[in-house]
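Since the structure comes first, as structure tokens, the remarks are kept for the end.
The values are calculated or read from the model by the stated rules, or taken from the named source; none is laboratory data. Worth saying up front: this structure is predicted, and the values here are computed from it rather than measured. Cβ sites come from the backbone with ideal geometry, for glycine too, and all protein chains shown count toward neighbours. We work out accessible area using only protein heavy atoms, side chains counted, and drop any ligands, DNA or RNA first. Shrake-Rupley method; radii C 1.70, N 1.55, O 1.52, S 1.80 Å.
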Amino acid sequence: MKSYFTHASFFAPAIVFLLYARLAAGDEGWDTAYMFGGGLALVHGIWLLSKHRDHAIAMGVDLYLLIGGILALVYPQAILLWGAKLGAAAALGCVLAVSLAAAAISPPRSVHERKLAMLMVGATAAAAVFALLAHDIPFVGNVLPVIGLVLVQGALRKRVSAA
């Protein structure tokens, strides 16, 4: 149970964002949900950077919410494209950007870990492309690529631990 809550804490801003958007705001309040989620993501992202630098998926989701919050403030009409049209593809694009940045600036610990990091970048790119191509089918385009990426990340983490 502790493990479940630990993993959920990495996605707390996204969970709050989705709950607010669906339960409190309905279809009309996505801009407010993004502003609220973006604010939470900023604080959460700072926490992740200070304590859990190896969670590119969570940091990418925070980046997605932060960009959504900024868009909601400066150009609210863009929220429809960012959230509804691009959906998970935008979030996975942010995860890809974080993964690439992490791979570029992280000192290589071992050849094996570097190879696994590049596999994660490849898996993230594939998930983002799949989400973009299947964005018209909500479950297939928004849920499956994210679940697949989380499963791949878990498998790669196990390989790093075993090495």
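Paramagnetic label reach from S161 (point 7 Å along Cα→Cβ; backbone nitrogen cut-off under 19 Å): within the range 44-68, residues 52-58.
At full extension, I137 and D54 could sit 26.8 nm farther apart than now, given 0.36 nm per residue minus the alpha carbon distance. For the pair the range 10-66 and the range 87-107, the centres of their Cα atoms are 16 angstrom apart. Go ahead and set up a Gaussian network model of the chain, Cα springs under 10 Å, then flag whichever of V146, V74, V95 fluctuates most. Greatest mean-square fluctuation among the candidates belongs to V74.
Roughly speaking, to the nearest percent, how much of the chain's 1.4 Å accessible area is carbon and sulfur? With neighbouring chains kept in place, the figure for the chain is 73 percent. Only the Cβ atoms of Lys and Arg (+1) and of Asp and Glu (-1) were treated as charged; on that basis the dipole of the chain about its Cα centre amounts to roughly 800 debye. Gyration tensor over the Cα atoms of the chain: the corresponding equivalent ellipsoid has semi-axes (square roots of 5 times the eigenvalues, largest first) of 27, 17, 15 Å.
Over the range 40-124, Cα pairs under 8 Å with separation of 6+ residues give a relative contact order of 30 percent. Taking every protein chain into account, the accessible area of the range 10-73 amounts to 52 square angstrom per residue (probe 1.4 Å). Oblate is the label for the range 109-163. Its Cα gyration tensor axes, ordered a ≥ b ≥ c, give a/c of at least 1.5 and b/c at or above a/b. Per residue, the range 109-158 exposes an accessible area of 62 Å² to a 1.4 Å probe, with every protein chain left in place.
Counted as membrane-span-like here are DSSP H helices of the chain whose alpha-carbon atoms extend 18 Å or more along the helix's own axis and whose Kyte-Doolittle mean is 1.0 or above; these are 56-74, 88-105, 111-133, 144-162.
Got the relative contact order for the chain handy, in percent, Cα pairs under 8 Å and 6 or more residues apart? Computed over the chain, the figure is 19 percent.
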